[in-house]
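One structure is given here, and the rest of the page talks about it.
Every number in this text was worked out from the coordinates using simple rules, so none of it is lab data. Everything numeric in this text was worked out from a predicted model, so none of it was measured. Note: ideal-geometry Cβ built from the backbone for every residue, glycine included; neighbour counts use all protein chains shown.
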Amino acid sequence: MQLTNRSKQVSNKQMTFAERIYLPAIATGLGITIKHFFQKKVTLQYPDVKINLGPVFRGRHVLKRDDQGRERCTACGLCAVACPAEAISMVAAERQKGEETLYREEKYAAVYEINMLRCIFCGLCEEACPKQAIYLRHDEFVPVFTERDQVIWGKDLLAENMNNRYLRKAWTKEEAREQDIKGVEAQPRTQL
Amino acid sequence: METTAPQLFKITFDGIEIEVPPGTTIMQAARQLGPKYAPPAMCYYEPLKGTGGKCRACLVKVTAGSAKDPRPMPKLIPSCITTVQDGMEVENTTNESVLEARKGIVEFLLINHPLDCPVCDQAGECHLQDFAFEHGRVTTRYEEERRTFEKHDIGPYVQLHMTRCILCYRCVFTADQITNKRVHGVLNRGDHAEISTYIEKAIDNDFSGNVIDVCPVGALTDKTYRFKNRVWFTKPVEAHCDCEKCSGKVTLWYRGDEVIRVTARKNEWGEVKEFICNTCRFERKKTSEWTIEEPTKISRHSVIMANKYRADLKKPDFGLKVAAAQYKEIDDSRPYLTDNNTIRELSKENNAKANQRSLAENN
């Protein structure tokens, strides 16, 4: 009875002498191996060479500043409440007179901490942020840590460096696809 | 001769028939049905007399005025100040024009309201936030500049953000009815109308802090709680104390072991029934000064419950019914004995009786 027409007839016939010495088969196999010596290598020497993971990869966090270098974060707590791993904690403070160049709004995060052991890099904080203050960098990972005190990142590590601003080619997958087609260079996000 | 027994009016609200005494407003009748049916209210505040009719959030459609005159009312009417009539038919969520009107009301309320929820301390328990979320549009169409005010300092306890005010007049009625003399009110007219005090006079009444609780938005907030924490990171607990000025029944808001805010208790409509004094609200911020009763029950869908792992406790109805059915009165008439000798004598007597009984059974 035939159930499918994919079944193959199997033969049990004896191999010929040429087949039995395996030399042609070995030569074919070696040929395939040698062919790959001259092809492009698929592996990368990782710590020295890094692959581009695309514009919307979720790496380490950055607390963005605006064009004038003021911190965008107002400590509204939406990132912390959105965080499924409860990695984020903050303490808010009121902006004093004369600090208008440091903080964008009346209220700011005096302490902003992310526990990198807890963080699962889901990017929900980025989505929840109403002030576009927190982003996960597409170009940098959280470095491997070996000590306990390296785990909780404060504002010293998270706040953006104005001399080396974080730029991103696109901020959503759709945008990335569009810009790939147009061939646009990375732009800092200026709108609120 | 007229009958003296109260005659009940039968009204139909969203297709549900209820009977209410005459003089009830449509809002109060709807609230008897439950939070699912009641229209939203921004200015109406049941414990304060005279509130309502200002914000238009509670507009409903009356499709039949009464049994005697079943014509529909031509316009949408505010349910909080309209009293019911026998045979009235009201449509709330079942009427498309009501829902459309509410979207417009949200838009009007938000015209001059700043979108500073990330900064505002009221966020998370703000009635305007809830109202806009449930009934409003997603985006704003308003492009003009928003109205702003000069900043007023109205004392060390209450923070006034006039830009956030929606002119519901609740705080004015609070001051009129809870306190002896009012020092703040609405000044100017129209677009310039603002809550303020005459000649920057500080609010120093013992119950002035209650304007914080009645404010539906973040216009009046607790200065001692300013930017301390977000509402949803704090844990509310019911507590009371012996206070000579007020009932002393409050809700404490904890961050860790620290009380960071004290408010009056709010019911399911967000209304305070028992107002508390300023001493309780602003100065008693130690756990040792309070007797804690239980965690505040909050709807599981509220943002205040976010990231808290306590299921919203609901005791099963059946168990309570069984307990009620099996309940027996205990004879409490026996004297309460404290004297050691008497107790010893009585126990001897009781033991002798018990021994006799057991011996009798054995024989």
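Observations on the structure shown:
- Qualifying chymotrypsin sites (Phe, Trp or Tyr not before Pro) in the range A:1-46, where qualification requires a DSSP coil assignment and no more than 13 other C-beta atoms within 10 Å, comprise A:Tyr22, A:Phe38.
- Start at zero, step by 10 Å, and the Cα-Cα distances of chain B spread as 5, 19, 25, 22, 13, 6, 5, 4, 2, 0, 0 percent across the bins.
- GNM flexibility winner over chain B from B:Arg182, B:Arg71, B:Arg56 (Cα, springs under 10 Å): B:Arg71
- Projected label points at B:Thr291 and A:Met15, each 7 Å from Cα along the beta carbon direction, are separated by 9.4 nanometres.
- Neighbour counts of C-beta atoms inside 10 Å place A:Lys40, A:Lys107 in the sequence A:Lys40, A:Lys107, starting with the fewest.
- Take each residue in B:115-123, count the other chain C-beta atoms within 10 Å of its C-beta, and the mean is 5.
- One chain, two ends: B:Tyr336 and B:Ala354. Fully extended at 0.36 nm per residue, the span grows by 4.3 nm beyond their Cα-Cα distance.
- Sorted by Cβ neighbour density within 10 Å, fewest at the top, the residues B:Lys245, A:Lys64: B:Lys245, A:Lys64
- Listed as lacking a disulfide-compatible partner in chain A: A:Cys73, A:Cys76, A:Cys83, A:Cys119, A:Cys122, A:Cys129, by the criterion of no other cysteine Cβ under 4.7 Å.
- Residue exposure sequence - B:Ser196, B:Ser333, B:Ser247, A:Ser7 - by fewest surrounding Cβ within 10 Å: B:Ser333, A:Ser7, B:Ser247, B:Ser196
- Long hydrophobic helices in chain B: the complete DSSP H runs spanning 20 Å or more by Cα along their own axis with mean Kyte-Doolittle hydropathy of at least 0.0 are B:96-111.
- Helix axis angle, A:173-182 relative to chain A longest principal axis, alpha carbon, degrees: 70
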